[in-house]
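These notes concern the structure reproduced below.
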Amino acid sequence: MRQAKVRQEDIARAVGVSVSTVSRVMSGAPGISPATTKKVLRAAADLGAPLTLPAEGDTSSAGPRMQRALLFLKQVDLNSGSGSIYHFVMTGIRKAALQAGVRVELALLGEDGEIPVQILGGPETGVLFAGVDPSPELLKTLQETRHPTVLVNGLDATMTHDQVAPNNYFGGWLAARHLVDMGHRRILQLGTRRRPTLAARTEGFLAAIAQAGVEGLDCDFLEIANVTEQDAHNAMKDLLTDGTFAYSAVFCSADSVALAVMQELRMRGIDVPGQVSLLGFNGLPLAEFSSPLLSTLIVDWEFLGSEAVRLLRLRSANPERPTQQTQTQVLLRQADSVADLTKSGEIGSFRR
């Protein structure tokens, strides 16, 4: 039997407040005490009423309803091959925000690294930093002004604000274990520590190598300026000056880097995976056009965007809830660019 629709009068009667008070709480209007807000939302939930504000967590200090969100993007990264991940992140943000009735506006930080006061607005404005690492001063300011804030594909060790990112440490760890399990003993990692997320990827990879306990395993880490095609080309040109390559496998911290490495090897007659194996990270569509098909660590970037909006709404509903860090799953997608040396009996060798 269909349950009768819960009326605001029912909630008001259960709590002992006026219907107008219930209406203001349910619409997120300011001016209602935290204690009354908590009672109204609890009664509404007990009666089975759909809540406009997220029902997750303690809503004892519910703030004004978030009406808009400012989205800050790292423009340099956005225009690189790896930056295409943010097109998927933005899709997830757009879909989730549309469903929640939140307007999202693209914005730029000022030259001083701050958010211009003319565009920020009050606590009804949320802030999303996608691929941007704000200064500690800006993070503290947003905390003090009670603007809901989420770092998207970002990490902040101080946990000043909510954050969502792939489990980069495990992704790097998984990459190392895969190459070792496939029999590779001379491995190069091509990456960077320029951002906390990328540093975690590197740390996970090196930790797995250190923990492997495999005799003869040797791994080098080569720091590049950024995970761009040009930085990868420059690094490989330096490594291939004499036409030889000392490694049987390369883990690249981004698919765009792996594809650039693949081309540099091909131009020198070095076969992938016949002589050198390649493993990428991100799971970008461009990797699906590589030949051979690139093995990579995949991330659901669109989910990352939608999760960011969910965290933003929860923070808006309850500014006092504990800060949350969400790490999303990273999966290995095996394709054709990593050779299995355990089957060929050539473990750790460089085949010419």
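The values are calculated or read from the model by the stated rules, or taken from the named source; none is laboratory data. Because the structure is a prediction, the values reported are computed rather than measured. Quick reminder, even Gly has a Cβ in these numbers, built from the backbone with ideal geometry, and neighbours come from all protein chains shown. Protein only, heavy atoms only, side chains kept; ligands, DNA and RNA dropped before computing areas. Shrake-Rupley method; radii C 1.70, N 1.55, O 1.52, S 1.80 Å.
Structural remarks
- Top-ranked residue in segment 187-202 [being in a helix (DSSP H, G or I) and either out of contact with any Lys or Arg (no Cβ under 9 Å at 6 or more places or on another chain) or touching a residue at least 40 places away in the same chain (Cβ under 8 Å) (or both); ranked as farthest from Gly280 (Cα to Cα)]: Pro196
- Looking across segment 143-174, the residues that are among the aliphatic types (A, V, I, L, M) and either modelled with pLDDT of 95 or more or at positive phi (or both) come down to Val150, Leu151, Val152, Met159, Val164, Ala165, Leu174.
- Residue list for segment 213-229, restricted to those being among the hydrophobic types (A, V, I, L, M, F, W, C) and either under 26 Å from the mean Cα position of the chain (by Cα) or modelled with pLDDT of 95 or more (or both): Leu217, Cys219, Phe221, Leu222, Ile224, Ala225, Val227
- Selection within segment 88-104 - within 19 Å of Gly283 (Cβ to Cβ) and either of a type in the set (A, V, I, L, M) or buried (at least 20 other Cβ atoms within 10 Å of the Cβ) (or both): Phe88, Val89, Met90, Gly92, Ile93
- Cross-chain or 6+ apart pairs with Cβ under 6 Å, segment 237-256 first and within 16 Å of Pro273 (Cα to Cα) and part of a loop (DSSP other than H, G, I, E, B), then open to solvent by 10 Å² or more (accessible area, probe 1.4 Å) and not hydrophobic (A, V, I, L, M, F, W, C): Tyr247/Arg186; Ser248/Arg186
- Qualifying positions in segment 26-44 - part of a helix (DSSP H, G or I) and either modelled with pLDDT under 75 or open to solvent by 30 Å² or more (accessible area, probe 1.4 Å) (or both): Met26, Pro34, Ala35, Thr36, Lys38, Lys39, Arg42
- Scanning segment 141-154 for residues being in contact with a Ser or Thr (Cβ under 7 Å, 6 or more places away or on another chain) and open to solvent by 50 Å² or more (accessible area, probe 1.4 Å) gives a total of 1.
- Residue tally, condition surrounded by fewer than 22 Cβ atoms within 10 Å (Cβ to Cβ) and not in a loop (DSSP other than H, G, I, E, B), over segment 128-140: 5
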